[in-house]
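Working notes, structure below.
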Amino acid sequence: MAETSNARKRARDEEENGAGGGDYGESLENNLVFSDTLIALRMMRAQFPKIEKMSFSVKRLGQNDNTEVFEWFKQYVIESKFGDSIQHEELCALLSYGGRVKDEHVTFLINAGLLTRQLIDPNLYWFSIPNIGSILKGLSQGRKELLSFLNRRKYKEMLLAPLEKKRLRLSPLDMRFHLRDLIGSGHLRTVQTPTGLLVRVSKD
């Protein structure tokens with residue numbers, strides 16, 4: 001019983017210290033490079049919903065025999081198509097590597113929120129992220145919460161190392177995600193000091 005209690009305490013401590021926040025867990029102080037696209041992709045994969053864990057219900061759509069298209073989409077489309085849109089013909093060609101493609105498969109992907117049909121060109125689809133509204137809401141609220149936190153401090157600044165371990169109440173995104181976002185957009189800036197990297201609110 002004592003071991004279980006200690007294990008739970010360690011898990012809570014790790015969570016509060018920001019451990020296990022994704023496969024980009026290295027401190028930002030050692031890896032604050034904004035030209036590294038791979039880091040950004042790792043952050044997105046750690047934060048955004050995975051295909052196999054989407055919140056929509058397959059049974060609700062009533063097309064259980066079409067669920068294999070999710071694996072085709074993940075394996076053959078996402079892994080090879082890096083743009084923000086795709087033509088209907090190319091989509092079907094890539095999906096066909098997994099099996100025989102039917103119109104219902106494409107409809108299924110649209111209903112699941114993975115594709116959005118363009119109004120001007122019905123043969124062109126935008127890639128989309130299911131439940132993106134909640135992610136954008138968390139991004140906006142997280143920005144405000146972090147800036148408000150720093151603005152309340154006497155000098156509107158804080159060392160990066162302890163700051164990145166803090167947790168935000170209003171955002172599901174990792175603190176390091178918001179720090180990169182606000183530093184990259186110019187709302188925050190960093191200053192090297194003898195005690196470490198300092199994060200400071202930029203002057204208007």
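What the table below lists for this structure:
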| read-out | value |
| --- | --- |
| Two-site FRET efficiency, K81 against K203, from Cβ-Cβ distance with R₀ of 45 Å, rounded to 0.05 | 0.60 |
| Calculated FRET efficiency for the pair Q192/S148, C-beta based, R₀ 22 Å, to 0.05 | 0.30 |
| From phi via Karplus (6.51, -1.76, 1.60), per-residue ³J(HN,Hα) for the range 143-159 in Hz, x at Gly/Pro | 4, 5, 5, 5, 5, 5, 4, 6, 5, 7, 6, 3, 9, 6, 7, 6, 4 |
| Total charge dipole magnitude, the range 100-154, about the Cα centre, Cβ charges on Lys, Arg, Asp, Glu only, Debye to nearest 20 | 600 debye |
| Residues with amide H under 5 Å from that of S202, placed H, sequence gap 5 or more | L188, R189 |
| Residues whose placed amide H lies under 5 Å from that of S85, excluding near-sequence neighbours | F127 |
| Net lengthening on full extension, I132/L119 (0.36 nm per residue, minus Cα-Cα) | 2.7 nm |
| Cross-link pairs beyond the 25 Å C-alpha cut-off, checked among K144/K203; K74/K144; K74/K165; K81/K166; K81/K165; K81/K137 | K74/K144; K74/K165; K81/K166; K81/K165; K81/K137 |
| Least to most buried among W72, W126 (fewest other Cβ within 10 Å first) | W126, W72 |
| Under-5 Å amide H pairs with L115, H placed in peptide plane, nonlocal only | I110, S128 |
| Charge dipole (the range 73-140, unit charges on Cβ, about Cα centre) - positive-most of Q87, S134, L119 | S134 |
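Laboratory data are not the source of any read-out in this text; all were calculated from the coordinates shown. Predicted model, so just to flag it, every value in this text is computed and none were measured. Glycine gets a Cβ as well: all are built from the backbone with ideal geometry, and neighbour counts include every protein chain shown.
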